[in-house]
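Each remark here refers to the structure printed beneath this line.
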Amino acid sequence: MLARLVKPTLMFSAVFITVWVIVVVYWNYTARMPSTSDIALYLVVLPLALVVFYLLLRRIFTGAAPSAALPSGARGASAAAGGAASTGATADAPQERLQMSVLAFALRTPRGNDADAVATAVGQAQAPELVPELRDGEGFPMLAGCVAGIDPNELREHLRESLRPAPEAFNADALTDDRLRAIHLMSDVLQELLASATDALLNAGDALSVRAPGRFVSSGAIVPGSAAAPQLCISLLLPGAWSESERAVATQWVQQLAREADPSQHWSVDCFKSEAGVGAMALLDRINLSLHREERPALWMALAADSAISSECVARWDAEGLLYSAARRNGRVPGEAAAGLLLSRAGDALFAQPHGVLLSRSASGQRDESADTARVPNASLLDLFAQRLMSASALQPEAVDWVVSDADHRTSRVTEVAQLVQERLPHLPFENNLSVCASLGHLGAAADMTAVALACHLAVRDSRHVLALSVQDARARTAMLAGPAIPPSPVPHAT
């Protein structure tokens, strides 16, 4: 309480002192003898008026709490879904309760492709290993999270042949090794999810058939709509440091792989760039809103990939003072990964799964101070998000059995998540708090998507709820909740 009073008190004192000094200097300069009314007006009323004016302006421009705001990439989608009652989000399903069904997930990491093995490695706090191919400025091998068995030159040749008819903007030869490795990892995840999507469409069976002219089955009922197959969408999340031409190459490659997997299906592909504070969780939230705006059934794939395994990337980080070293303990450890989810609208009978996992909307906002400069951990924002997500899902804290974050080796990130667990989820065992990037290295655009994919895996495996957190940024924080569907509470019968 005392700390919260110090800042406004100092501000009000500064306003009064400033006004008093200016007025007294003015009176002395003009050699004017102030009257009693002048003293009351200029030394009391004027500073009070300035303070009130400031408070009014502050209230006008900060009407929405920053902790409740969506990231910029999803804020527009939220506004567009304001009339959700007419577009799929009904009045009895408030937007904060909108959920997606996770039909499948896949990931490629330095600790393997099996989610259970990755979770075990992260739980055991296995650190990245020395990679002889990567050298620092002094020529020593570096710690890095590197996926074995990737040949960038082989993929470069495939891209060159596949994109040969394309314009010069699709220049595969200009791609550095880290870009090629990220595209390779993303391609593996894509192909696995495309196979799952094919299975989902086959399992839909007769539900895809038209029951009456201009009507089809969705969300457990026959609704008006065109006699069309489900909408199929792929959204890519790639690093903001990539150029437009590099993202165009990746998008073109994904479109080609989708066509080759099943020429009878038409997947639309779009690409987004990861920016500071706006990552995969913001993209997933945008997809959630889009799925609930659609009247026709839809399958949506979200993919994220990044890699820092190249000499060019290491040299750039070193020059910018970002590379981890003995003298720079808070620097980045190079890593790479790709992860993805296959999603549908929760409750869509066309793609219903008996034991599926539901993914909540995200809760996101900004810390008041940078985690890089804070002297003590402050998990108040994460705690607010955890409470909000559990409240929207009608859960008690004891229902959450795991916390998966994209925290890395930096003490500030690890202790912030640990404080949340200690204060809000004290029943969690120590080993159930997983810090993904501490074991896999800096994953960039793929960090929070990897955390969400692991959270979905644990939710499927244990049939329990998992809290996924993004804490990589100095200020931005985001949280999502993954878990099994909660059966509705029985309605008591009157006797």
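The values are calculated or read from the model by the stated rules, or taken from the named source; none is laboratory data. What you see is a predicted model; the values in this text were computed from it and never measured. So basically every Cβ, Gly included, is an ideal-geometry build from the backbone, and we count neighbours across all protein chains shown. Remember, those area values only see protein heavy atoms, side chains included, never the ligands or the DNA or RNA. Shrake-Rupley method; radii C 1.70, N 1.55, O 1.52, S 1.80 Å.
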message: Go through (1) at pLDDT below 95; (2) among the charged types (D, E, K, R); (3) touching a Cys at 6+ places or on another chain (Cβ under 8 Å) for Arg293 and report which single condition fails.
response: (3)
- request: Mind listing whichever residues of segment 95-110 are in contact with a strand residue (DSSP E or B) (Cβ under 6 Å, 6 or more places away or on another chain), over 20 Å from Ala445 (Cβ atoms) and either among the polar types (S, T, N, Q) or not in a strand (DSSP E or B) (or both)?
  value: Gln99, Ser101
task: Can you run down the residue pairs with Cβ atoms below 9 Å, 6 or more apart or on separate chains, where the first is in segment 24-51 and over 21 Å from Ala14 (Cβ atoms) and the partner is part of a helix (DSSP H, G or I) and open to solvent by less than 70 Å² (accessible area, probe 1.4 Å)?
output: Arg32/Asp38; Met33/Trp27; Pro34/Val23; Pro34/Trp27; Pro34/Leu43; Asp38/Val23; Asp38/Trp27
query: List pairs: first in segment 121-144 and farther than 13 Å from Tyr324 by Cα, second open to solvent by 80 Å² or more (accessible area, probe 1.4 Å) and charged (D, E, K, R), Cβ under 8 Å, 6+ apart or cross-chain?
result: Gly123/Glu431
field: Candidates Asp372, Asp306 - the one that is touching a residue at least 24 places away in the same chain (Cβ under 8 Å), assigned to a strand (DSSP E or B), touching a helix residue (DSSP H, G or I) at 6+ places or on another chain (Cβ under 8 Å) and open to solvent by 10 Å² or more (accessible area, probe 1.4 Å)
entry: Asp306
- request: Check segment 354-368 and report whether any residue there is surrounded by fewer than 24 Cβ atoms within 10 Å (Cβ to Cβ), touching a residue at least 40 places away in the same chain (Cβ under 8 Å), farther than 26 Å from Leu201 by Cα and touching a Gly at 6+ places or on another chain (Cβ under 8 Å).
  value: yes
- request: Could you grab the pairs with beta carbons closer than 6 Å, sequence gap of 6+ or different chains, first residue in segment 245-261 and closer than 14 Å to Ala182 by Cβ and touching a residue at least 24 places away in the same chain (Cβ under 8 Å), second one open to solvent by 20 Å² or more (accessible area, probe 1.4 Å) and part of a helix (DSSP H, G or I)?
  value: Glu246/Arg179
Evaluation of Gln422 against (1) in contact (Cβ under 8 Å) with a residue 12 or more places away in the chain; (2) out of contact with any Ser or Thr (no Cβ under 7 Å at 6 or more places or on another chain) (one fails), failing number: (1)
- prompt: Scanning for something open to solvent by 40 Å² or more (accessible area, probe 1.4 Å), of a type outside the set (Phe, Trp, Tyr) and at pLDDT below 90, does segment 229-236 turn up at least one residue?
  reply: yes
query: Which of (1) more than 16 Å from Arg332 (Cα to Cα); (2) charged (D, E, K, R); (3) within 13 Å of the chain's Cα centre (by Cα) does Asp473 not meet, given it meets every other one?
result: (1)
query: If we keep just the residues of segment 32-75 that are of a type in the set (Ser, Thr, Tyr) and at pLDDT below 75, which is farthest from Lys273 (Cα to Cα)?
result: Thr62
task: Keeping to segment 96-115, report how many residues are touching a Gly at 6+ places or on another chain (Cβ under 9 Å) and of a type outside the set (A, V, I, L, M, F, W, C).
output: 5
- request: Identify, from the list Leu481, Leu469, Leu425, the residue that is surrounded by fewer than 24 Cβ atoms within 10 Å (Cβ to Cβ) and not small (Gly, Ala, Ser).
  value: Leu425
query: Mind checking which residues of segment 309-349 are at pLDDT below 90 and open to solvent by less than 10 Å² (accessible area, probe 1.4 Å)?
result: Asp348
message: I'd like to verify a number: residues in segment 124-149 that are at positive phi and open to solvent by 40 Å² or more (accessible area, probe 1.4 Å), how many?
response: 2
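Yes/no matrix, rows are residues, columns are (1) small (Gly, Ala, Ser); (2) modelled with pLDDT under 80; (3) surrounded by 14 or more Cβ atoms within 10 Å (Cβ to Cβ):
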position: Ala79; (1), (2), (3): yes, yes, no
position: Ala91; (1), (2), (3): yes, yes, no
position: Arg111; (1), (2), (3): no, no, yes
position: Asp151; (1), (2), (3): no, no, no
task: Report, by residue number, each residue of segment 321-339 that is part of a strand (DSSP E or B) and either under 30 Å from Ala104 (Cβ atoms) or among the small types (Gly, Ala, Ser) (or both).
output: Ser325, Pro334, Glu336, Ala337, Ala338, Ala339
message: I need a count of the residues in segment 264-290 that are hydrophobic (A, V, I, L, M, F, W, C) and more than 10 Å from the chain's Cα centre (by Cα).
response: 7
message: I'd like to check something: does segment 258-276 contain any residue that is touching a strand residue (DSSP E or B) at 6+ places or on another chain (Cβ under 8 Å), among the basic types (Lys, Arg) and modelled with pLDDT under 95?
response: yes
message: Whether any residue in segment 257-273 is open to solvent by 20 Å² or more (accessible area, probe 1.4 Å), part of a helix (DSSP H, G or I) and not charged (D, E, K, R) is what I want to check.
response: yes
Unmet requirement for Asn288, which otherwise passes all of (1) touching a Lys or Arg at 6+ places or on another chain (Cβ under 8 Å); (2) assigned to a helix (DSSP H, G or I); (3) over 23 Å from Leu469 (Cβ atoms); (4) of a type outside the set (D, E, K, R): (3)
